[in-house]
Amino acid sequence: MGNSSSMLTQYDIEEVQEHCSNTFSQQEIVSLYQRFCQLDRNGCGFISAEEFMTVPEFAVNPLSQRLFRMVDGLNFKEFVLFLSAFSSRASLQQKVEFIFKVYDSDGNGKVTFNEMLDILRDLTGQFISEQQREKVLTQVLEEAGYTKDSLLVQADFMKILGNSGLKMEVEVPVD
Amino acid sequence: MSKLNTSSSELDLDRPNIEDYLPSGSIQEPHGTLRLRDLLDISPTLTEAAGAIVDDSFTRCFKSNPPEPWNWNIYLFPLWCLGVVVRYGLLFPLRVLVLTIGWIIFLSCYFPVHFLLKGHDKLRKKLERGLVELICSFFVASWTGVVKYHGPRPSIRPKQIFVANHTSMIDFVVLEQMTAFAVIMQKHPGWVGLLQSTILESLGCIWFNRSESKDREIVARKLREHVHGADNNPLLVFPEGTCVNNHYTVMFKKGAFELGCTVCPIAIKYNKIFVDAFWNSRKQSFTTHLLQLMTSWAVVCDVWYLEPQNLKPGETPIEFAERVRDIISVRAGLKKVPWDGYLKYSRPSPKHRERKQQSFAESVLRRLEEIN
């Protein structure tokens, strides 16, 4: 392969670093670039569905389809931005924002009951019936002070997820 | 670019508890009342997915790490240039010569033996074995192969099968120069295929085709027949099913382990200082790979013939395969990885995703009952 940082200039690295608000160190960005090139087999500048699915660990993940939709066609800069929520330097706010974006599939800034149901369906598959899913979701929503028709915004997510230790970190291997 | 299609159920059968290997600090917390937070908090699943995007154990198995360039200064660079001249100008022609001589000797002995001794099977087979061992030695010499064999030489006995880890097709040549094995291989196109259908056929080799699903039963039957035949050459199988980069082992296919015979493990480890013997079949053709070997300094490897193993009472073939993989990996210093080598060509079965979904669903339902 031979793709070392000689393909990426110092300017490029700094630009990417700025774009992701310094959540990754320069070394990590170089490692991520090598990984990006490794996954982008046909060298077209972005990672396609097929290329993502060649990673078995990713393909067996219940949320892979959703995540894939978010990361499809991203160039390297956007790819790093996407992963920045998983850096140890990312703030809790950034992490919650990421989770919110995963839920908010139509991107209108509000998460509906159905959007939450969709994720629950991805996570549980055929092992819970649809009625049971709705029942569970309604029950916990009401217990938290919302209703079935509530539209949750990011602030709500921050309130719900914010105060209990959210662990969402991935280590970038640096050679 | 190979096309990925959803795998058949065959891949499922070959894979035991993958959860034991995967780094899942996954969807747990099976206690306490169910809150909205628990349903909304998808961070463990997301972390797993992001972890897989950033680095995954499967792709690592097929990565050939290029060595650090060491010829970067004014003193070493001329030395390196001299090295290149010696390798390409002196060693390579010599090696091609050695190989050509070897082929001439081999072919001029092989065809007479094969055709004239048609009636005297036992003698013919013995001579053919010897000749194949000879040509393999010539091959090994053409790469300046330095192979150290450890352990007792394989003996020709019925109901015995040899398994080894797989790095490149040259594994077969390295092992073949010591003992004439019959091998089970993927049928290749080109000159390799020609060799396969003529010379290797006479050794009793078995061919399979990865892309055909029915093929598996046919091959299993052929394996069984071969192993139970008293006069056949000992059978060599590479249960990984694909070439791996000699730092890891992928999961062994259970086919060789359910034949009811003794399994003799062989571990092969190449010394990377001299040349990286990993054949990345997606990146290079076999010819390019051979040429690369012939223009390197040497191919240095260790071969260990390990203690024959039998199926223990109460052990399933998959467990047996894993146990043998463990023995080989420990001996050759390779790391084990829970993936099926065929995932290079197809996607993992949905069963694994379903298992994760099932465990999460069960924990939700259980905690729901605790509330009610």
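In region B:127-137, of all residues being under 23 Å from the mean Cα position of the chain (by Cα) and open to solvent by 40 Å² or more (accessible area, probe 1.4 Å), the one that is farthest from B:Met294 (Cα to Cα) corresponds to B:Glu133. Among the criteria (1) at the interface with chain B (Cβ under 7 Å from one of its Cβ atoms); (2) assigned to a helix (DSSP H, G or I); (3) free of Cβ contacts under 8 Å to residues at least 60 places away in the same chain, the one A:Glu115 does not fulfil is (1).
B:Arg282 meets the conditions (1) open to solvent by less than 60 Å² (accessible area, probe 1.4 Å); (2) within 14 Å of another protein chain (Cβ to nearest Cβ); (3) part of a loop (DSSP other than H, G, I, E, B); (4) of a type outside the set (S, T, N, Q) in every case but one. The failed one is (1).
Taking region B:287-345 as the range and being assigned to a strand (DSSP E or B) and of a type in the set (Phe, Trp, Tyr) as the test, the residues that pass are B:Trp304, B:Tyr305, B:Trp339. Meeting the requirement of 1 or more residues that are facing chain A (nearest Cβ under 10 Å), under 30 Å from A:Gln154 (Cβ atoms) and at pLDDT 55 or above, the helices (runs of 4 or more DSSP H) wholly within region B:1-77 are B:36-40, B:43-54. Residues in region B:354-371 that are at the interface with chain A (Cβ under 9 Å from one of its Cβ atoms), open to solvent by 20 Å² or more (accessible area, probe 1.4 Å) and modelled with pLDDT under 80: B:Ile371 only.
So that you can scan it fast, the table gives a plain yes or no per residue for (1) at the interface with chain B (Cβ under 9 Å from one of its Cβ atoms); (2) touching a strand residue (DSSP E or B) at 6+ places or on another chain (Cβ under 6 Å):
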| residue | (1), (2) |
| --- | --- |
| A:Ala59 | yes, yes |
| A:Pro62 | yes, no |
| A:Leu67 | yes, no |
| A:Val71 | yes, no |
| A:Phe79 | yes, no |
| A:Ser88 | no, no |
| A:Ser91 | no, no |
| A:Lys95 | yes, no |
| A:Ile99 | yes, no |
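Okay, residues lined up against (1) surrounded by fewer than 19 Cβ atoms within 10 Å (Cβ to Cβ); (2) within 7 Å of chain B (Cβ to nearest Cβ); (3) assigned to a helix (DSSP H, G or I):
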residue	(1), (2), (3)
A:Leu123	no, yes, yes
A:Gln131	yes, no, yes
A:Thr138	yes, no, yes
A:Gly145	yes, no, no
A:Ser150	yes, no, no
A:Met158	yes, no, yes
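Looking only at region A:1-14, count every residue that is at pLDDT 85 or above and surrounded by 14 or more Cβ atoms within 10 Å (Cβ to Cβ) and tell me the total. Residues in region A:1-14 being at pLDDT 85 or above and surrounded by 14 or more Cβ atoms within 10 Å (Cβ to Cβ): 2 in total. Each residue in region A:31-50 was checked for being more than 10 Å from every other protein chain (Cβ to nearest Cβ) and either open to solvent by less than 30 Å² (accessible area, probe 1.4 Å) or charged (D, E, K, R) (or both), and 2 pass.
For region B:116-139, indicate whether the set of residues that are over 13 Å from B:Gln177 (Cα atoms) and either in contact with a strand residue (DSSP E or B) (Cβ under 6 Å, 6 or more places away or on another chain) or in a strand (DSSP E or B) (or both) is non-empty. Scanning region B:116-139 turns up no residue that is over 13 Å from B:Gln177 (Cα atoms) and either in contact with a strand residue (DSSP E or B) (Cβ under 6 Å, 6 or more places away or on another chain) or in a strand (DSSP E or B) (or both). Failed condition for B:Gly255, given (1) more than 30 Å from B:Glu128 (Cα to Cα); (2) open to solvent by less than 40 Å² (accessible area, probe 1.4 Å); (3) of a type outside the set (A, V, I, L, M, F, W, C); (4) without any contact (Cβ under 8 Å) to a residue 60 or more places away in the chain, with all others met? All conditions are met except number (1). Reported count of residues in region A:26-70, each being assigned to a loop (DSSP other than H, G, I, E, B), over 16 Å from B:Arg353 (Cβ atoms) and touching a residue at least 40 places away in the same chain (Cβ under 8 Å), is 0. Among the residues in region B:330-339, are any in contact (Cβ under 8 Å) with a residue 40 or more places away in the chain, more than 10 Å from chain A (Cβ to nearest Cβ) and closer than 25 Å to B:Glu212 by Cα? No: region B:330-339 contains no residue that is in contact (Cβ under 8 Å) with a residue 40 or more places away in the chain, more than 10 Å from chain A (Cβ to nearest Cβ) and closer than 25 Å to B:Glu212 by Cα. Would you please name the residue that is nearest to the other protein chains (Cβ to nearest Cβ), looking only at residues in region A:160-169 that are assigned to a loop (DSSP other than H, G, I, E, B) and over 15 Å from A:Ala90 (Cβ atoms)? Taking the candidates together, the pick is A:Ser164.
Counting residues in region B:105-115 that are of a type in the set (Gly, Ala, Ser) and more than 28 Å from B:Arg129 (Cα to Cα) gives zero.
The values are calculated or read from the model by the stated rules, or taken from the named source; none is laboratory data. These figures come from a predicted structure and were not determined experimentally. Virtual Cβ from ideal backbone geometry, glycine too; neighbours counted across all protein chains shown. The protein model used for the area step is the full one, side chains on, heavy atoms only, and it has no ligands, DNA or RNA in it. Shrake-Rupley method; radii C 1.70, N 1.55, O 1.52, S 1.80 Å.
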